[in-house]
1. Specify which of the listed residues (Arg146, Arg178) is in contact with a Lys or Arg (Cβ under 6 Å, 6 or more places away or on another chain) and either of a type in the set (D, E, K, R) or surrounded by fewer than 17 Cβ atoms within 10 Å (Cβ to Cβ) (or both).
2. From the residues in the stretch 87-105 that are touching a strand residue (DSSP E or B) at 6+ places or on another chain (Cβ under 9 Å) and open to solvent by 10 Å² or more (accessible area, probe 1.4 Å), which one is nearest to Lys209 (Cα to Cα)?
3. When the residues of the stretch 30-58 are filtered to those that are within 21 Å of Leu115 (Cβ to Cβ), in a loop (DSSP other than H, G, I, E, B) and hydrophobic (A, V, I, L, M, F, W, C), which remaining residue is most open to solvent (accessible area, probe 1.4 Å)?
4. Scan the stretch 64-86 for residues that are open to solvent by 50 Å² or more (accessible area, probe 1.4 Å), outside any helix (DSSP H, G or I) and either among the polar types (S, T, N, Q) or over 22 Å from Ser168 (Cβ atoms) (or both) and jot them down.
5. If we scan the stretch 106-125, do we find a residue that is open to solvent by 10 Å² or more (accessible area, probe 1.4 Å), free of Cβ contacts under 8 Å to residues at least 24 places away in the same chain, not hydrophobic (A, V, I, L, M, F, W, C) and not in a helix (DSSP H, G or I)?
6. Out of Ser153, Ser172, which single residue is loosely packed, with under 14 Cβ neighbours inside 10 Å and closer than 23 Å to Asp223 by Cβ?
7. Can you pull out the residues in the stretch 162-190 that are modelled with pLDDT under 95 and under 17 Å from the mean Cα position of the chain (by Cα)?
8. All but one of (1) under 23 Å from Asp133 (Cα atoms); (2) assigned to a helix (DSSP H, G or I) hold for Glu262; state the number of the condition that does not hold.
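The values are calculated or read from the model by the stated rules, or taken from the named source; none is laboratory data. All figures in this text were calculated on a predicted structure; none of them were measured in a lab. Note that each Cβ is placed from the backbone with ideal geometry, even for glycine, and that neighbours are counted across all protein chains shown. Surface areas here come from the heavy atoms of the whole protein model, side chains and all, with no ligands, DNA or RNA. Shrake-Rupley method; radii C 1.70, N 1.55, O 1.52, S 1.80 Å.
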Amino acid sequence: MRGSGLPKIQADEPESLSELLTSVEAYQAEREVVWYRGVNNVAHDLTPSIIRLTKKPTEKEVVELESAIFSAFSQRSPPFVEKDFPTSWRTLFFMQHYGIPTRLLDWSESPFVALYFALSNVERTNAGVPKKDVAVWMCDPIGWNRGALSHISYQGGILDEQCEEVKSYEPSVKHDHRWTMPVMLHGTHNSARIVAQRGVFALFGKGLKSMEDVSKSDAFADDVLRKAIIRKDRVDAFLNSLFQKGITESVIYPDLQGLALEIRRKFGYL
């Protein structure tokens, strides 16, 4: 906990995939479960899409935005979906899958999936050179939840939509009654892609702070988050190493689009 002398978020800078995996193994060794998220720009913070507006919204505006987005989706989606959603949670996970702004932030149970997303989506120059350093985040989801829910002395593990603690995060809950800190939960596996990508989620409450800032609270243990930074000049070496180990587009996207992406890359069209 605080006072250990360690920084709240440690950052590694591996030179190779093997060095990164050594960091992953060390982090895993001290925890029951670890989740991962890759970002294609080291400067990107850990916030959900509904907050990422040019003008940062207030807490109440986010709640109002979510309600409006839910209404628009419910009104216009029926021709495009095969069945009704039994709960608002199922609607939320479906919306996240299709890129509609929500309070969910994608994580993965696989460090390889997170690394793929960090590396494969990096912005490049016209000459094909990566412009930015990228990062892979590691999180202890059980430790995170115990910190986020310390106000109710929570000692459980990872949440799901059936848990009592999640009720205060439901889309129907008004701003004044919604809990603040993000929590980690298993979602509905509503597509083959989520299954392949070992998809899991951070569910944000009414708070607008990034997970990095939230983790600075005394409620959280040191190193509940860790960051591995991959310099832009090492991106292609990491990416080639990842592909050599079989983590390719058709693995991440187990459908025809994934196969098409893999063939395009293999023959020099990406």
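1. Values: Arg146 fails: in contact with a Lys or Arg (Cβ under 6 Å, 6 or more places away or on another chain).
When all the criteria are applied, what remains is Arg178.
2. Gln96
3. Ala43
4. Selection gives Glu82, Lys83, Asp84.
5. Within the stretch 106-125, one or more residues are open to solvent by 10 Å² or more (accessible area, probe 1.4 Å), free of Cβ contacts under 8 Å to residues at least 24 places away in the same chain, not hydrophobic (A, V, I, L, M, F, W, C) and not in a helix (DSSP H, G or I).
6. Ser153
7. Passing the criteria: His186, Gly187, Thr188, His189, Asn190.
8. Just one mismatch for Glu262, condition (1).
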